[in-house]
Amino acid sequence: MTTSNSQLQITTQLEGDKISITAVILAGGYLPQNIFLYQNTGTNALGDYWGVANVEEMTRFQVFSGTAIPKFGNAFVRSNQAKITLSVTDDPKTVIAAITQGVTNLSAEMKTAATQTQVITIA
């Protein structure tokens, strides 16, 4: 696993009377790209955005690839982007701060849980 810093790209766009926020992890960093959780609809479409996965959820939830994943035992799925739509009266800074904090927390968890090797001399 690479140890270079990860980059979170967030795009905010005005679309009529809505604000669209899209977040992705750019390739080449420490974090994997499929860290964003959505409710599993059991169909070929994602449900509502739920948040950024933690380390335990990274191993427990499957990556959504556009094909249906049975809902039983799979309440959530992971995706390579977070796409959130807000009303123009909502503050996108709050959502951006929550996503950023979630990614920061996951990064810290993954670095703490990283594989460590020890060499112990036995006499």
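Structure data summary
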| item | result |
| --- | --- |
| 2 or more residues free of Cβ contacts under 8 Å to residues at least 60 places away in the same chain: qualifying strands (runs of 3 or more DSSP E) within region 8-75 | 8-15, 36-40, 46-52 |
| Extreme residue, farthest from Gly42 (Cα to Cα), among residues of region 53-96 that are among the aliphatic types (A, V, I, L, M) and buried (at least 16 other Cβ atoms within 10 Å of the Cβ) | Ile96 |
| Cβ pairs under 8 Å, 6+ apart, first in region 97-123 and surrounded by fewer than 14 Cβ atoms within 10 Å (Cβ to Cβ), second in a helix (DSSP H, G or I) | Ala113/Val55 |
| Residue among Thr22, Thr43, Thr100 that is of a type outside the set (A, V, I, L, M, F, W, C), touching a strand residue (DSSP E or B) at 6+ places or on another chain (Cβ under 8 Å), farther than 30 Å from Gln116 by Cα and modelled with pLDDT of 95 or more | Thr22 |
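The values are calculated or read from the model by the stated rules, or taken from the named source; none is laboratory data. It should be emphasised that the depicted structure is a prediction, and the values quoted were computed from it without experimental measurement. With ideal geometry, Cβ positions are generated from the backbone for all residues, glycine too; neighbour counts draw on all protein chains shown.
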